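Below you'll find the structure, written out as structure tokens, and then a few comments.
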Amino acid sequence: MKKIILGLFLVCLAFNLSAQNRRHELRGGYGVGTSNEAINSLSDILITDATKNVVGGDKTFNGAFNLGYKYSLNEKINVGANFSYERAGATAFVDVMKSGELKSHYYTIAAEADYIYFRRENFTFYSTVGLGGTIYDQKYKMNDGGEDTKSHTNLNFQLSPIGVKYGDRLGFFGEMGFGYKGLFNFGLFTRF
């Protein structure tokens, strides 16, 4: 995933060298503390309380890798789309006995819009809102050799009231909010 983001970033950088009207933006980022992590942790607590058995533990989320495109409609509004990928793993337990390993994958596709509060030379202050769907795939490999898989789709969102970008054609960004991109999301962008 990192190689794909880097490759797309470099392609856009090459196009960027001759661009005059920079209405397009491509960005690649990484976020931590996502809504997928919060929902998954809450569902584990609910399952544990309901069954009195711990069904998952020691869950490790690797953060969300994001790839997005934005188009500037005017000086204040950008619209676009975002793809996010997040992976998690856990050791599964039943009645305090290790029963296997869980691997989870979250794929989110969402429409997004930015509202730009102000721009100053190479600095931009903005907010982002996004709405889309997440496909959640989980594979449970049991110690006895069995496997179980499940897949769910759910509505997901991103609300980042604080976003900053530094750079003109090429730069970096940082956002604070909550949703599929995380509490803290940062990365690189190029405009062309």
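The values are calculated or read from the model by the stated rules, or taken from the named source; none is laboratory data. None of these values were measured; they are calculated from a predicted model. Cβ coordinates were reconstructed from backbone atoms using ideal geometry, including for glycine residues, and neighbour counts include every protein chain displayed. Quick note on the areas: whole protein, heavy atoms, side chains included, nothing else; ligands and nucleic acids left out. Shrake-Rupley method; radii C 1.70, N 1.55, O 1.52, S 1.80 Å.
In region 96-114, the residue that is surrounded by the most Cβ atoms within 10 Å (Cβ to Cβ) out of those that are of a type in the set (A, V, I, L, M) and either at pLDDT below 95 or in contact with a Ser or Thr (Cβ under 6 Å, 6 or more places away or on another chain) (or both) is L102. Each residue in region 176-192 was checked for being in a strand (DSSP E or B) and closer than 20 Å to L73 by Cβ, and 3 pass.
The condition of being under 17 Å from the mean Cα position of the chain (by Cα) and open to solvent by 20 Å² or more (accessible area, probe 1.4 Å) holds for only one of F118, F125, F93, F83, that being F83.
Among the residues examined, A92 qualifies as over 19 Å from G171 (Cα atoms) and touching a Lys or Arg at 6+ places or on another chain (Cβ under 8 Å). Output yes when any residue across region 176-190 is over 29 Å from K59 (Cα atoms) and either open to solvent by less than 80 Å² (accessible area, probe 1.4 Å) or touching a residue at least 40 places away in the same chain (Cβ under 8 Å) (or both), and no when none is. There is at least one residue in region 176-190 that is over 29 Å from K59 (Cα atoms) and either open to solvent by less than 80 Å² (accessible area, probe 1.4 Å) or touching a residue at least 40 places away in the same chain (Cβ under 8 Å) (or both). Selection within region 133-175: residues that are of a type in the set (D, E, K, R) and at pLDDT 95 or above. The member of this set that is surrounded by the most Cβ atoms within 10 Å (Cβ to Cβ) is E175.
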